[in-house]
Amino acid sequence: MGFLDSIMGGNTSSVKPRPTSTPFKVNVTFAPLRLSAMRQSSIRMLVRVTNLSDEPVMTSVDALLARVALMGFDATCINKHTEVKVGDIAPGETKEVAIVVYGSGQLKEGNYPYKVSVYAHYQDYTKVVTYIEKKGELRVA
């Protein structure tokens, strides 16, 4: 049951598949597509996470907005960071997390950067096994 047995086709029942380096497929969309400029408004950031591994994964999602933008994760537009604890995602399962993004009445037109990080945890939410970051721009018109 050594290294050569796994290469030569020996007893393969004891050989476990290697975990993928990226256990998730992450997709970020917005509903509606853009935030309104110069108006109190909000949109939903929809983060879809699909578990690509063969085991359940404890997952959390972090979202970060630009500090200079007059938008945030609360109505006063002060919070630029939020964390959502998703829980366990079964193999092949897809979960969607909706995060509300608020714009202030002083928000100007343009594209504003954001970053979404999806973490795979071990035992509890303080231990991180791996993570994936997605960066993009939120359109304000």
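The values are calculated or read from the model by the stated rules, or taken from the named source; none is laboratory data. Because the structure is predicted, anything quoted here is derived from the model rather than measured. When we count neighbours, we look across all protein chains shown, and the Cβ atoms used for this are built from the backbone with ideal geometry, even at glycine.
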Over the stretch 43-70, the set of residues within 25 Å of VAL140 (Cα to Cα) and out of contact with any strand residue (DSSP E or B) (no Cβ under 9 Å at 6 or more places or on another chain) is ARG67
Going through the stretch 77-124 in order, the residues found to be within 12 Å of VAL61 (Cβ to Cβ) and aliphatic (A, V, I, L, M) are VAL84, VAL86, ILE89, VAL97, ALA98, ILE99, VAL116, VAL118, ALA120
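Inside the stretch 89-141, can you point out the residues that are in a strand (DSSP E or B), farther than 22 Å from SER36 by Cβ and of a type in the set (A, V, I, L, M)?
Going through the stretch 89-141, the residues in a strand (DSSP E or B) turn out to be 89, 94-103, 110-122, 124-140.
Right, trim to farther than 22 Å from SER36 by Cβ and you get 89, 94-97, 115, 117-122, 124-135.
ILE89, VAL97, VAL118, ALA120, VAL128, VAL129, ILE132, listed by residue number.
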Scanning the stretch 53-87 for residues that are aliphatic (A, V, I, L, M) and touching a Ser or Thr at 6+ places or on another chain (Cβ under 6 Å), the one surrounded by the most Cβ atoms within 10 Å (Cβ to Cβ) turns out to be ALA63
For the stretch 25-73 the number of residues that are under 18 Å from THR94 (Cβ atoms), of a type in the set (Ser, Thr, Tyr) and in contact with a Phe, Trp or Tyr (Cβ under 8 Å, 6 or more places away or on another chain) is 3
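Go over the candidates GLY9, GLY87, GLY72, GLY103 one by one and state the one that is at pLDDT 95 or above and more than 18 Å from the chain's Cα centre (by Cα). Lay out the reasoning, then the answer.
Values: GLY9 fails: at pLDDT 95 or above; GLY87 fails: more than 18 Å from the chain's Cα centre (by Cα); GLY72 fails: more than 18 Å from the chain's Cα centre (by Cα).
Every option except GLY103 fails the conditions.
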